[in-house]
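The values are calculated or read from the model by the stated rules, or taken from the named source; none is laboratory data. Since the model is a prediction, treat every value here as computed from it, not as a measurement. Using ideal geometry, Cβ is built from the backbone for each residue, glycine included, and neighbour counts are taken over all protein chains shown. Surface areas here come from the heavy atoms of the whole protein model, side chains and all, with no ligands, DNA or RNA. Shrake-Rupley method; radii C 1.70, N 1.55, O 1.52, S 1.80 Å.
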Amino acid sequence: MTITLAEVIGGFISGSMALISDATHNFSDVLSLIISYVANRLTRRKATTTHTYGFKRSEILAAFINSTTLIVLAIFILVEGIQRFFATETINAQWVIWMAVGSILVNGLSVLFIRKDAKGNMNIRSSLLHLFSDMMTSVAVLLGGLTIKYFQWYWVDALFSVLIALYLLYSSWGILKSSLKIIMQFTPDGLEVDEMTNVISKISGIKNIHHLHIWQIDEHELMLEAHVDMEKDVAISEFEKVLNEIKQAVDRYNIHHVNIQPEFSVDDNKQIIYK
Ligand SMILES: [Zn+2]
């Protein structure tokens, strides 16, 4: 947080866009850490009568907020960086160099500090990678500062800020897409609905399956609900056997929460996807 503030102030004083974009990156890291932490705490809360799913989606929402913020910031840096190519401003290289050195030191120390915990913990390993990439952007900013100091190539600063912005866009786009898919309740990636409903409709006793929904609560939990037409007007205990077969059939699609409405003479829309 201190580096971020220092870098922003340093960026404005020195006129270096690369320094400001590096600061933006660091700032969004801090913000995302806080949001992720809060979301992680929320997800662990138990479900209640007023929150029947608990807070299971908070981490998805956090990922969505984080990636959107980052994309907005990246676009701002990109536009500003491109404008700098045409209207060169003088940059105080001394400031850029010292700020970048400070940022490298802090990120580098953090890498050393958490490295010992990284073994066997994916979460920590990914933060380690992230810190390392932060350090590399600061190295780029430092190189930019040195070129400006010794060669007066002011365009280098614009170039680095554009590159950092593109990197930010690239890394947040994927997260934005996958979190949005879950929020919009789209069919989970790689799930072949036609293939799965084929398997279900072949179970003996079942005439057809219709009005189907498959969605994700969070990264791990998949839900399915559907209507199932039975060939005969069977007893509930008979239907329960069929239900168990359905559960087994969808288990290999990683769906463990199934809600089926049995029907015999209901006259409703019999399309698999209700339009
Ligand atoms: Zn129906």
Quiz item: When residues of region 243-257 are filtered for being closer than 30 Å to Phe64 by Cα and either buried (at least 17 other Cβ atoms within 10 Å of the Cβ) or within 15 Å of the ligand (Cβ to nearest atom) (or both), how many remain?
Solution: 3
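Do we find that Trp173 is under 30 Å from Thr43 (Cβ atoms) and either in contact with a strand residue (DSSP E or B) (Cβ under 6 Å, 6 or more places away or on another chain) or at pLDDT 95 or above (or both) in this structure? Outline the logic, then answer.
On the way: under 30 Å from Thr43 (Cβ atoms): yes; either in contact with a strand residue (DSSP E or B) (Cβ under 6 Å, 6 or more places away or on another chain) or at pLDDT 95 or above (or both): no.
So Trp173 fails the test.
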Self-check item: Residue within region 182-200 that is in contact with a strand residue (DSSP E or B) (Cβ under 6 Å, 6 or more places away or on another chain), among the hydroxyl-bearing types (Ser, Thr, Tyr) and modelled with pLDDT of 95 or more present
Solution: yes
Quiz item: So how many residues does region 169-215 have that are in a helix (DSSP H, G or I) and touching a Leu at 6+ places or on another chain (Cβ under 6 Å)?
Solution: 1
Quiz item: Does at least one position in region 227-242 carry a residue that is within 33 Å of the chain's Cα centre (by Cα) and more than 16 Å from the ligand (Cβ to nearest atom)?
Solution: no
Quiz item: Which residue, of Ile77, Ile71, Ile82, is touching a residue at least 60 places away in the same chain (Cβ under 8 Å) and more than 21 Å from Leu176 (Cα to Cα)?
Solution: Ile82
Quiz item: So, in region 32-74, of the ones that are in contact with a helix residue (DSSP H, G or I) (Cβ under 7 Å, 6 or more places away or on another chain) and among the aromatic types (Phe, Trp, Tyr), which residue ends up modelled with the lowest pLDDT?
Solution: Phe64
Quiz item: Could you say whether any residue in region 109-119 is acidic (Asp, Glu) and buried (at least 19 other Cβ atoms within 10 Å of the Cβ)?
Solution: no
Exercise. For residues that are of a type in the set (Val, Ile, Thr), within 11 Å of the ligand (Cβ to nearest atom) and within 17 Å of Ser201 (Cα to Cα), tally how many sit in region 258-271.
Key: 1
Quiz prompt | Subset of region 194-215 [more than 14 Å from the ligand (Cβ to nearest atom), open to solvent by 30 Å² or more (accessible area, probe 1.4 Å) and not basic (Lys, Arg)] | solution = Asp194, Glu195, Asn198, Val199, Ser204, Trp215
